[in-house]
Amino acid sequence: MTAREEKPIIEMTHVTFSYDAPAEGGAENNDDAALRDVSLIIGTGEFVGVIGPSGAGKSTLASVMSGAIPHHYHGTLYGATLVDGHDTCDVTLTDISQVVGSVLQDINTQMVASVVEDEMLFGLENFGVPHDQIEARVAQTLETVGISNLRDREIATLSGGQKQKVAIAAILAMRPRVLVLDEPTAALDPASSTLVFETLRKVREEGVTVVVIEQKVALLSEYCDRILVMRKGALVLDGTPREVFSHGDELRRIGVDSPRVARVYNSLAKDGLVAGTAPCLTVPEAEKLITDLVQPETKTSCHVASAEEDARESGFRAGSKHVAAPRPHAEGTEPVVSLEDVSFAYPGGTASVDHLDMRVFPGEVVGIVGQNGAGKTTLTKLLNGLLRPAFGTVRMAGLDTREVPTSAIAAHCATLFQNPDYQLCKDTVLEEVSFGLTLQGVDENDARESAGAVIERFGLPADEAPFSLSRGQRQMVALASVVVMEPEVVLLDEPTSGLDYRECMTVMDTVSDMAERGCAVIMVCHDMEVVSDFAERIVVMANGRILDRGGTLEMFSNAPLMREASVKAPQVIELSETLAHDLSPEFAGISQVSGIVDLTEEMVRRG
């Protein structure tokens, strides 16, 4: 008997919900409905992933499951939602929270204490957990999530990713029967993201039902039993990861990505090389599939290694749509950004960066990668003048950041913060995007015209209030306000966090266009697929230091370096490395799905 065939822990029957007053004829006919006729059953112990574009209703679905709808968010609700057999309209939110624990998308709104330990204690004490059990629960949960070392830290000093872990730990300590998480890894590095999902796997093995909204489809495909796909408030797909990701074309039309190895399989299937609708979900599965198709003569490891080195040294990136090898700079070209032996420590010595050296030239896209707490955000604050170095020199467009006001630096360097809400302040999207130009003295009509062009390109509603939009759309508004300024340097701190696949591609194509026009782009990013696709160079950080820097493929191919930095290479690069070593050196240097597919088809034709 499957989990869903047993007594369900959550059951939704024809649920429709609108945050606004219903249109004439009822909520079912309301174009503004956030959920539309959703029926589903989630069984005890299931691990369910939820995907969909921004505005699809994913967060609203989570609010219904957790009881926040109807008890916290008000609107018009049709249908019924049962949690452990009880209708959420008939019991209190406190009763529901005894069963369902939730981790919100905006972590800062969930924090109630100033110190990590107090955050952990708050829920346990309020729910009446016996005092002789509290210490063991706190210690065990902190260790499970991997943040025992943060127990005495002030929450204000934590990175976004560290805060995310604290929020998850605080809920897990309550030992809920259902855990609902809204994009829990959005701000986490790859290793930490995997740790979160391993933690969720452990609690699931203890009988906890897990429902997780997530954009990282490769993680969902590896850990979930089942995936729900939402679009415009409706549930459009429901199945196992293989069943769902076999609909690659439909998902992309919706605005959802698939794991890169699934895209390899689907492309080969479309071209008639493989049959069936069960795509690969892991690199080993894709390697076996391609090996079985090609079946070449065995190559010597010496020959393979030599070919790999030749490919890397020449900067060959087969099938790469966006990225070339690091470009040579014209003789005499000055870097627009430079750090020379820069060090900085926060008060109390809780975090620091040491001996940072880096140069960035006009037109480059440089990725900054590394674990949470590695110092990446501190680096960006040193660049934009929000922090001043204790030692060393930071130069931005020729200006020493210690000698000029922040406003002078801002005239050359624009920043997109990790949380877009920190830089939104106007009543409409049009006013928000044009605001920076008017501050620089641009005529108001000209500013609005320029802003309107950028808004149209991003597909944003010009007359809507920014804070009425989804998190992903607010991120787009913040980026539009940066793009319209046409800065010499743009600093992006997690520019794709919270974005769906279509929004992500819009943002990054815009970033590429900025670089083509000579803007230097420095991008802190935990999405290694995005870094691989768009950054020509990466700087690898860990523990406040720069471990290494160089061409994107070269760095990602350095397995010991990636482990030290808690970074996992993108699936396609990992697959190409494995195939180059075990199958044919021709696969060396491929970083895109199309490159893997094209070469595989060519080798099959050769026989």
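Given the conditions (1) open to solvent by 60 Å² or more (accessible area, probe 1.4 Å); (2) modelled with pLDDT under 85; (3) of a type outside the set (K, R); (4) in contact with a strand residue (DSSP E or B) (Cβ under 6 Å, 6 or more places away or on another chain), and given that H329 satisfies all but one, which numbered condition is not satisfied?
Condition not satisfied by H329: (4).
Got a sec? Which strands (runs of 3 or more DSSP E) wholly within region 332-428 have at least 1 residues that are open to solvent by 40 Å² or more (accessible area, probe 1.4 Å) and in contact with a Pro (Cβ under 7 Å, 6 or more places away or on another chain)?
352-360
Which number in (1) assigned to a helix (DSSP H, G or I); (2) surrounded by 16 or more Cβ atoms within 10 Å (Cβ to Cβ); (3) hydrophobic (A, V, I, L, M, F, W, C); (4) at pLDDT below 95 marks the one condition that V244 misses?
Only one criterion is unmet by V244, namely (4).
May I ask you to verify whether G441 is on the phi > 0 side of the Ramachandran plot and more than 24 Å from the chain's Cα centre (by Cα)?
yes
Say we look at region 123-182 and pick out the residues that are among the β-branched types (V, I, T) and assigned to a loop (DSSP other than H, G, I, E, B); which of these is least open to solvent (accessible area, probe 1.4 Å)?
I147
So if I check each of V208, V180, V212, which one is within 19 Å of L142 (Cβ to Cβ) and either in contact with a Pro (Cβ under 9 Å, 6 or more places away or on another chain) or at pLDDT 85 or above (or both)?
Testing whether each residue is within 19 Å of L142 (Cβ to Cβ) and either in contact with a Pro (Cβ under 9 Å, 6 or more places away or on another chain) or at pLDDT 85 or above (or both) leaves just V208.
What's the total number of residues in region 552-579 that are outside any loop (DSSP other than H, G, I, E, B) and either on the phi > 0 side of the Ramachandran plot or surrounded by fewer than 20 Cβ atoms within 10 Å (Cβ to Cβ) (or both)?
Residues that pass the stated criteria total 7.
Just name the residue that is modelled with the lowest pLDDT out of those in region 460-506 that are within 30 Å of G398 (Cα to Cα), open to solvent by 40 Å² or more (accessible area, probe 1.4 Å) and not aliphatic (A, V, I, L, M).
So the residue we want is E486.
Can you tell me how many residues in region 109-122 are under 21 Å from T94 (Cα atoms), in a helix (DSSP H, G or I) and not hydroxyl-bearing (S, T, Y)?
Residues meeting the conditions: 5.
What number of residues within region 98-113 are over 26 Å from the mean Cα position of the chain (by Cα) and open to solvent by 40 Å² or more (accessible area, probe 1.4 Å)?
Of the residues in that region, 1 qualify.
Among the candidates V530, V524, which residue alone is touching a strand residue (DSSP E or B) at 6+ places or on another chain (Cβ under 7 Å) and either open to solvent by less than 10 Å² (accessible area, probe 1.4 Å) or of a type in the set (S, T, N, Q) (or both)?
Selected residue: V524, the only one of V530, V524 that is touching a strand residue (DSSP E or B) at 6+ places or on another chain (Cβ under 7 Å) and either open to solvent by less than 10 Å² (accessible area, probe 1.4 Å) or of a type in the set (S, T, N, Q) (or both).
Just name the residue that is surrounded by the fewest Cβ atoms within 10 Å (Cβ to Cβ) out of those in region 438-459 that are at pLDDT below 90 and not small (G, A, S).
Result: Q440.
Residues of region 75-90 being part of a loop (DSSP other than H, G, I, E, B), surrounded by fewer than 21 Cβ atoms within 10 Å (Cβ to Cβ) and touching a residue at least 12 places away in the same chain (Cβ under 8 Å), which ones?
Matches in region 75-90: G75, D84, G85, C89.
Can you work out which of the residues in region 205-237 that are in a helix (DSSP H, G or I) and surrounded by fewer than 20 Cβ atoms within 10 Å (Cβ to Cβ) is nearest to the chain's Cα centre (by Cα)?
E222
For the list (1) in contact with a Lys or Arg (Cβ under 6 Å, 6 or more places away or on another chain); (2) surrounded by 23 or more Cβ atoms within 10 Å (Cβ to Cβ), I need the number of the one condition that M65 fails.
Failing condition for M65: (1).
The values are calculated or read from the model by the stated rules, or taken from the named source; none is laboratory data. Everything quoted here is computed from the prediction, not taken from an experiment. Cβ sites come from the backbone with ideal geometry, for glycine too, and all protein chains shown count toward neighbours. Each accessible area value is taken on the protein alone, full model and side chains, heavy atoms only, with ligands, DNA and RNA left out. Shrake-Rupley method; radii C 1.70, N 1.55, O 1.52, S 1.80 Å.
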